[in-house]
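The values are calculated or read from the model by the stated rules, or taken from the named source; none is laboratory data. As the structure is a computational prediction, the values presented were derived from the model and not from experiment. Positions of Cβ are backbone-derived with ideal geometry, glycine not excepted, and every protein chain shown enters the neighbour counts. Each accessible area value is taken on the protein alone, full model and side chains, heavy atoms only, with ligands, DNA and RNA left out. Shrake-Rupley method; radii C 1.70, N 1.55, O 1.52, S 1.80 Å.
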Amino acid sequence: MRDGKKISPAVIKRLPMYYRYLKDLIEKGIHRISSKELAERMGITASQMRQDLNNFGCFGQQGYGYNVEVLYEEIVNIMGLDRPHTVILIGAGKFGQVLVNYPNFKDKGFNFIAVFDKDPTLIGTEVNGIEIIDVKFLEVFLRENTVDIVALAVPGSAANKLVLTLAKHDIKGIWNFSQNDLSLPENIIVEDVRLSDSLMTLSYKMHEKEVLSRAVRDFW
């Protein structure tokens, strides 16, 4: 960010989109692109794109546009993807195992180093080559290892108990898949992933489109 300016959540949510589109351009061998063309590909206005990027610096040149590789590297640095992050999973159910098995996380530098659960039928088995550890050993592991991110894929009641342990250690971020709002110190960043909220948002958009279509039909 520039001059300590706080970046809006809307801009932050668009950063992964810049990352994806720029990476795709590089893979297609495109080395230079105008703000208008890049914005059109992304489905936003050129003005919005320039405003977004101006939060972090001046990356384009008038009459030239953007050097795709340079802008991509800048986005990588802005998002902290220029260095690896160690991740542990708590909750090795079917959903948790999908997370650990997803290959794109490792490609972006998010490396799962341990998986925990309390289910005796899961403890000792492996997911993507990682042995599932009894959650009672979580605190010992946190004392002996550097963990950047904790992925919580447990019910809300269990998540609330676990945060008391996590808050004692040098955890930088929590990827929260539980349905509960977590109470944590300000130095720990929480990213809530509410799948039901996303599905309800989809339902709203579908309903909105249906109402609009019906209103147009009734008008004519």
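Would you please name the residue that is farthest from GLY57 (Cα to Cα), looking only at residues in the range 69-93 that are in a strand (DSSP E or B) and open to solvent by less than 30 Å² (accessible area, probe 1.4 Å)?
ILE90
When the residues of the range 32-55 are filtered to those that are without any contact (Cβ under 8 Å) to a residue 12 or more places away in the chain and assigned to a loop (DSSP other than H, G, I, E, B), which remaining residue is most open to solvent (accessible area, probe 1.4 Å)?
The qualifying residue most open to solvent (accessible area, probe 1.4 Å) is THR45.
Which of the residues spanning the range 101-117 are in a loop (DSSP other than H, G, I, E, B) and more than 25 Å from ASP170 (Cα to Cα)?
TYR102
Could you please tell me which pairs satisfy a Cβ distance under 9 Å, a separation of 6+ or placement on different chains, a first residue in the range 188-202 that is within 16 Å of VAL147 (Cα to Cα), and a second residue that is in a helix (DSSP H, G or I)?
Cβ pairs passing all conditions: ILE188/VAL163; ILE188/LEU166.
Name the one entry in TYR72, TYR18 that is touching a Leu at 6+ places or on another chain (Cβ under 6 Å), modelled with pLDDT of 90 or more and farther than 30 Å from PHE116 by Cβ.
TYR72
Take LEU182 and decide whether it is in contact with a strand residue (DSSP E or B) (Cβ under 7 Å, 6 or more places away or on another chain), in contact (Cβ under 8 Å) with a residue 60 or more places away in the chain and within 26 Å of VAL98 (Cα to Cα).
The answer is no for LEU182.
Can you pull out every residue in the range 118-159 that is without any contact (Cβ under 8 Å) to a residue 60 or more places away in the chain, part of a loop (DSSP other than H, G, I, E, B) and more than 20 Å from VAL193 (Cβ to Cβ)?
LYS118, ASP119, PRO120, THR121, LEU122, ILE123, GLY124, THR125, GLY129, ASN145, listed by residue number.
Scan ASP192, ASP117, ASP181, ASP134 and give me the residue that is under 21 Å from the mean Cα position of the chain (by Cα) and open to solvent by less than 90 Å² (accessible area, probe 1.4 Å).
ASP192
Which one of GLY96, GLY29 is crowded, with 17+ Cβ neighbours inside 10 Å and not hydroxyl-bearing (Ser, Thr, Tyr)?
Of the residues listed, the single one that is crowded, with 17+ Cβ neighbours inside 10 Å and not hydroxyl-bearing (Ser, Thr, Tyr) is GLY96.
Please count how many residues of the range 137-146 are within 15 Å of ASP117 (Cα to Cα) and open to solvent by 40 Å² or more (accessible area, probe 1.4 Å).
Of the residues in the range 137-146, 3 are within 15 Å of ASP117 (Cα to Cα) and open to solvent by 40 Å² or more (accessible area, probe 1.4 Å).
Acidic (Asp, Glu), open to solvent by 50 Å² or more (accessible area, probe 1.4 Å) and within 20 Å of the chain's Cα centre (by Cα) - does that describe any residue in the range 147-169?
no
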